[in-house]
Structure formats: structure tokens, C-alpha cells
1. Relative contact order of segment 44-145: what whole-number percent is it, with Cα pairs under 8 angstrom and at least 6 residues apart?
2. Based only on other Cβ atoms within 10 Å, what is the fewest-to-most ordering of Tyr148, Tyr120, Tyr22?
3. I need the Kirkwood Rh of segment 60-157: take the reciprocal of the average 1/r across all distinct C-alpha pairs and report it in angstrom.
4. Need the full-extension length gain, Ala9 to Lys88, defined as separation in residues times 0.36 nm minus the C-alpha distance. One decimal, nm.
Amino acid sequence: MRLLIVLAATFLVLNIGIWGLYFFGKDMIKIPEIPAVPKELSFEKPQPQIKLDLPIPEGEKAVLVKKGKTRGLDGIETMVVAEELASKTYHLMIFDNQKTLIFEDKNTLMLPDKILLQVYEGDSHPSFYLSFPGSIPGYHLKWNGYQYIVPENEKDLM
């Protein structure tokens, strides 16, 4: 009997709540409208904002960064690909661990897809490898003991 009274009271309270929402709660529930014309989809990946503590020239924005131990020395080098905003060309820079510019190329016309670390034919330490999208071949920037160079057999790929 007691269970029947509890069930009846619960039913009555729920019923009053439902009718109360029906009559008085219409303004409480807002259903968002679906726009008549959907937004166009964009498949372009937004460029992330890269913050670096390196001396990037004024008017340039870093778009790719890779760190690696590419000289076989104690420090770690940082390769930066920066976009020159005025001319839409790309500036390749390699900095040592003291933030000193040790390599630079301002004549790159195409943005690499990514920067990899790969050991070049018989070297004992990795080199920076610039990979380009699609079937465009990439090339190495290797340390020869004095400076970064593009190997002779890859110079025509630059």
C-alpha cells in the first residue's frame, strides 16, 4: 500500500512538472535555428603560429621548424623555414644552440612539406632533409665539417 502511494505521488509530481513546462516554460527552452545556406567548407589547414626565441628577420614568419643534432657536436641545431611576407618566397635558416645563424638560403621558391632528420649516404650523424609535396624530390642539407651544403648529386633538385 505504501509503495502504491509513493508511486502515485511521484506520478502526480512528474505530471505537474510536465504540464508546468508546457504552459510556463516555453521561453526557457531555446532551439537554435539551422541556417538556410550552410557555410562553405574549407579544406585548407590553417598555419599554426610558431613562436621562436631566434633572430628571425623582420617581415618574415616562421612556418616550419625542426631541431636535431646534425653536426655531430654537443649542441642541437634548429632549422627554420620562414615565409617572406612581401615576396612570398621562403628563407631557410639553421641556427646553432647559441642562436647564431650558421646557414642561410633566401632563394627557395617552394615551401617544403616537412623537415626530416635523415642520415645521408654513409654519414655518422643525421642531416636535415627538406621534403616537398607530391612527386617533387627533396634534398639534404648536410654538415661537411665546416658548413652546411647540398650534396653534389642533389644540387639539381634545389
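1. Relative contact order of segment 44-145: 19 percent.
2. So the residues, fewest neighbours to most, are Tyr22, Tyr120, Tyr148.
3. Computed over segment 60-157, the radius equals 13.7 Å.
4. Residue separation times 0.36 nm, minus the Cα-Cα distance, leaves 21.0 nm.
Each value in this text was obtained by applying a stated rule to the coordinates, not by laboratory testing. Quick caveat, the model's predicted, so the values are computed rather than measured. Here the Cβ is made from the backbone with ideal geometry for all residues, glycine too, and neighbour counts use every protein chain on show.
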